[in-house]
Amino acid sequence: MSDAKYCFNDDWFSPYIPKFEKYVAPLAGSPCALLEVGAYEGRATTWLADRVLTHPLSRIDAIDLRLSDILRSNIQKTGRSEQITLHEGMSRHILRNLPLNAYDFIYVDGSHQTIDVLEDAVAAFQLAKVGAIIAFDDYMWDAPPWNQWGVPKPAMDAFLEMYARPQRYSPLVEPIEEGWQIWVRKLRESAY
């Protein structure tokens, strides 16, 4: 379970480990299904593999636009690569082919473009089981010149307005953490 066996160039994950320990680590020992949108080098993936994928039927689906050699090597080093399925491509295409209402935890940290974030949020809601946690990274991200297609905040605000604070029906999700990351719990299926 030591990160020393892995190779990482960047660490944007470690500050959020306390949230993962609080909300995701309790899934350890169960046949849970986890989904990660935006795997990059696998820092979150390896943490989940080492600490949560302890049941032989537990699994992770991890998506990234490009599956790097570093990611593949890190996945092999977990010793649980048979429980991890890597998907290469755009999340908007891959998410629509995954099973609905199937995931106990979803971590959305892929594209930061406004439309992509909104599509990933809506798809994550549909893929999550009732009671599942969905975590969104980089709510406040804004890094010119890479933000010419928008930033996550307006997409997350729209998602929260429709799913957590609707005017005419009860909420579909409950925010449980808000800051640089947004964490929600799925309360029920759609309003219809």
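Taking Cα pairs under 8 Å and at least six residues apart, what relative contact order does segment 16-186 come out at, in percent?
So the answer I get is 18 percent.
Roughly what % of DSSP beta bridges within the chain run antiparallel, to the nearest 5? It would help to have the intermediate numbers written out before the result.
Numbers: 9 of 28 bridges.
Given both bridge residues lie in the chain, the antiparallel proportion sits at roughly 30 percent.
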Computed ³J(HN,Hα) along segment 126-140: with the Karplus parameters 6.51/-1.76/1.60, θ = phi - 60°, integer Hz and x for glycine or proline, the list is 5, 7, 6, 6, 4, x, 5, 9, 10, 10, 10, 8, 6, 3, 9
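Relative to the Cα centre, what is the charge dipole magnitude of segment 1-140, using +1 at the beta carbon of each Lys and Arg, -1 at the beta carbon of each Asp and Glu, and rounding to the nearest 20 debye? Intermediate values should be presented prior to the final figure.
Values: 13 positive and 19 negative charges, 89 e Å.
Using only the charged Cβ atoms, the result is roughly 420 debye.
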Output for segment 110-146: chymotrypsin sites (Phe, Trp or Tyr not before Pro) sitting in coil per DSSP, at most 16 other Cβ within 10 Å, listed by number, reads Trp141, Trp146
So for R0 = 45 Å, FRET eff. of Trp12-Leu100 from the Cβ-Cβ r, to 0.05, ends up at 0.95
The residues Met156, Met162, sorted from fewest to most surrounding Cβ atoms within 10 Å, come out as Met162, Met156
Residue by residue through segment 155-165, the couplings from Karplus 6.51 cos²θ - 1.76 cosθ + 1.60 with θ = phi - 60°, in Hz, x for Gly and Pro, are 5, 5, 4, 5, 4, 5, 4, 7, 9, 9, 9
Straight-line reach check, Lys153, cutoff 16 Å on alpha carbons, 8 or more apart in-chain or any other chain, hits among aspartates and glutamates -> Asp109, Asp116, Glu119, Asp120, Asp137, Asp138, Asp142, Glu161, Glu177, Glu178
Sorted by chain and number, the residues with a modelled amide H under 5 Å from that of Val173, at a separation of 5 or more or across chains, are Ala164, Leu187
Among (1) 17.0, 64; (2) 15.5, 46; (3) 15.9, 51, the entry matching Rg and Dmax of the Cα atoms in Å as calculated here is (3)
One finds the C-alpha centres of segment 128-192 and segment 30-46 to be spaced, in Å, by 19 Å
Stretched fully, the stretch from Leu187 through Arg165 gains (0.36 nm per residue minus C-alpha distance, one decimal, in nm) 6.7 nm
Ordered by fewest other Cβ atoms within 10 Å, a rough proxy for footprinting exposure, Ile60, Ile70 read Ile70, Ile60
Two pseudo-spin positions, 7 Å from Cα along C-beta at Lys5 and at Ser73, lie apart in nanometres by 1.6 nm
Applied in sequence order to segment 107-114, the curve 6.51 cos²θ - 1.76 cosθ + 1.60 (Karplus, θ = phi - 60°) yields integer Hz couplings, x standing for Gly and Pro, of 10, 9, 8, x, 4, 9, 6, 3
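Scanning the chain for trypsin sites (Lys or Arg not before Pro) in DSSP loops with at most 14 other Cβ atoms within 10 Å, what's the longest stretch left with none?
In short, 67-167.
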Going from the fewest other Cβ atoms within 10 Å to the most, one would list Ser81, Ser111 as Ser81, Ser111
Loop-resident GluC sites (Glu not before Pro) in segment 145-192 with no more than 14 other Cβ atoms inside 10 Å, DSSP not H/G/I/E/B, are Glu189
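Just so you know, all these numbers are worked out from the coordinates, no wet-lab data involved. Keep in mind that what you see is a predicted model, and the values were worked out from it rather than measured. Cβ: placed from backbone, ideal geometry, glycine included. Neighbour counts: every protein chain shown.
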